[in-house]
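Structure first, then comments.
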2 protein chains.
Amino acid sequence: MNSGQNDASEQHDTPEQREKYRERMQRRKIKMEARIAKANIDRGVFVVNTGGGKGKSSSGFGMLARSLGHGFRCGVVQFIKGRQDTAEERFFRQAGGDLLDFHICGEGFTWITQDRERDQQAVLAGWEIACKMLADPNYDFILLDELNIALKHQYLSVDEVLRAVSLRPPKQHVVITGRHAPDALIAAADTVTEMRVIKHAMKAGIKAQNGIEL
Amino acid sequence: MNSGQNDASEQHDTPEQREKYRERMQRRKIKMEARIAKANIDRGVFVVNTGGGKGKSSSGFGMLARSLGHGFRCGVVQFIKGRQDTAEERFFRQAGGDLLDFHICGEGFTWITQDRERDQQAVLAGWEIACKMLADPNYDFILLDELNIALKHQYLSVDEVLRAVSLRPPKQHVVITGRHAPDALIAAADTVTEMRVIKHAMKAGIKAQNGIEL
């Protein structure tokens, strides 16, 4: 991870060295400010978090916290996972107050419900709620948690999702999470991150922890 | 991303197909339950979010939300970034109430402050606060946001961080975020995710957005 840049290995003890550092940071400041100034389009973004590693949903909830901190009207639809993850729901329902609509659709992982038809119905009910949010300019931020899993199982078509997302109000942010994001979704998104597993506690025999996974 | 598994392409129309699906999910259930039962160690975990992609800090804040949802006592120390990101602070200070201690150290990116000595002093002041939390069994969850950047700049030694983390109370969770996580930190952590950029809105000229980046 630590692909050595030059900051770390330098000495910074003498006034000359400190001045050199300041000059280098001044040059970086000019470069960074130019880069920031160049990014001048101001509109809602479409974010996708995918990959097999930890952090896809939790990052979505972190952005939800930021959005609520800005006083944004927010909507959350949780697909697939079902009723087992309640800590984030409990926290955000209370903390979000009137700014937040929080919906949970589905009754658990596919291997828990074992009923494809019921799973699909739950997803379609969730998608109906999501569509109303995506068509409503009063919503500033929408999190569709684990929707990629629903797409992967073909409970819903990618085309339908892309149509609703592309027709949304221009200032609205949308975050979609879950493994196996379809290529068409990645192509349409503004910001896409692959959460890659370097290691996971569960492989070392540590059970899922409240506050971390749950 | 969508490395085709077999769920998606199947037909599920006839009763026989539905029954086959149910049987397959039943087998998966047995496998998953065995995997979960095998992970029976119950202790605090050490999580590292690194890489160049979006989601390192926001995932940390998502876990903070989960932890607060469980009624955990939580501590946050934000290194490096400084006073520009206030939405998460505003939100969590209010929502976390007495359960949360939130500290911001540092006055901005290195290229903003341009003063290495002042940056290091801010990091060391933050680290002192972090050390008190890491030694206190009353804290259930600690987020050290962007600490990896401080390590990268050698404001603080990795050994010192690893010592404090390894000596912490056994049930305490610690999350460290930031690009360039040192290899020794990765080796010591339980769960490590590399947030990998697939694409980023800024490259397409879209400015950093409230609720997403800020």
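Results, tabulated for the structure shown:
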item	result
Hits in the range B:158-172 (condition: open to solvent by less than 90 Å² (accessible area, probe 1.4 Å) and outside any helix (DSSP H, G or I))	B:ARG168, B:PRO169, B:GLN172
Identity of the residue in the range B:32-49, assigned to a helix (DSSP H, G or I) and at the interface with another protein chain (Cβ under 7 Å from one of its Cβ atoms), that ends up surrounded by the most Cβ atoms within 10 Å (Cβ to Cβ)	B:MET32
Where a residue in the range A:186-207 is closer than 20 Å to B:ALA188 by Cα and its partner, wherever it lies, is assigned to a strand (DSSP E or B) and open to solvent by 50 Å² or more (accessible area, probe 1.4 Å), with Cβ under 7 Å and at least six apart	A:ARG196/B:ARG196; A:GLY205/B:ILE41; A:ILE206/B:ILE41; A:LYS207/B:ILE41
Some residue of the range A:129-150 being open to solvent by 50 Å² or more (accessible area, probe 1.4 Å), more than 23 Å from A:PHE72 (Cα to Cα) and more than 7 Å from every other protein chain (Cβ to nearest Cβ)	no
Given (1) modelled with pLDDT under 95; (2) over 18 Å from B:GLU213 (Cβ atoms); (3) in contact with a strand residue (DSSP E or B) (Cβ under 9 Å, 6 or more places away or on another chain), index of the condition B:LEU100 fails	(1)
Test: residue in the range A:186-195 that is under 22 Å from A:CYS131 (Cβ atoms), assigned to a helix (DSSP H, G or I), more than 9 Å from every other protein chain (Cβ to nearest Cβ) and at pLDDT 95 or above	yes
Check on A:ALA204, open to solvent by 20 Å² or more (accessible area, probe 1.4 Å) and over 17 Å from the mean Cα position of the chain (by Cα)	yes
Options A:LYS29, A:LYS56: the member that is more than 7 Å from chain B (Cβ to nearest Cβ) and open to solvent by 10 Å² or more (accessible area, probe 1.4 Å)	A:LYS56
Residues satisfying the stated conditions in the range A:21-40, i.e. under 25 Å from the mean Cα position of the chain (by Cα) and among the basic types (Lys, Arg)	A:ARG35, A:LYS38
Condition check for A:GLN121: more than 19 Å from the chain's Cα centre (by Cα), open to solvent by 10 Å² or more (accessible area, probe 1.4 Å), more than 12 Å from every other protein chain (Cβ to nearest Cβ) and farther than 23 Å from B:GLU88 by Cβ	yes
Top-ranked residue of the range B:91-112 - restricted to ones that are within 9 Å of chain A (Cβ to nearest Cβ) and without any contact (Cβ under 8 Å) to a residue 24 or more places away in the chain, ranked as surrounded by the most Cβ atoms within 10 Å (Cβ to Cβ)	B:PHE91
Residue check, A:THR177 at the interface with chain B (Cβ under 7 Å from one of its Cβ atoms) and under 12 Å from the mean Cα position of the chain (by Cα)	no
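The values are calculated or read from the model by the stated rules, or taken from the named source; none is laboratory data. What you see is a predicted model; the values in this text were computed from it and never measured. Cβ coordinates were reconstructed from backbone atoms using ideal geometry, including for glycine residues, and neighbour counts include every protein chain displayed. When the accessible area is computed, the model is the full protein with side chains, heavy atoms only, and any ligands, DNA or RNA have been set aside. Shrake-Rupley method; radii C 1.70, N 1.55, O 1.52, S 1.80 Å.
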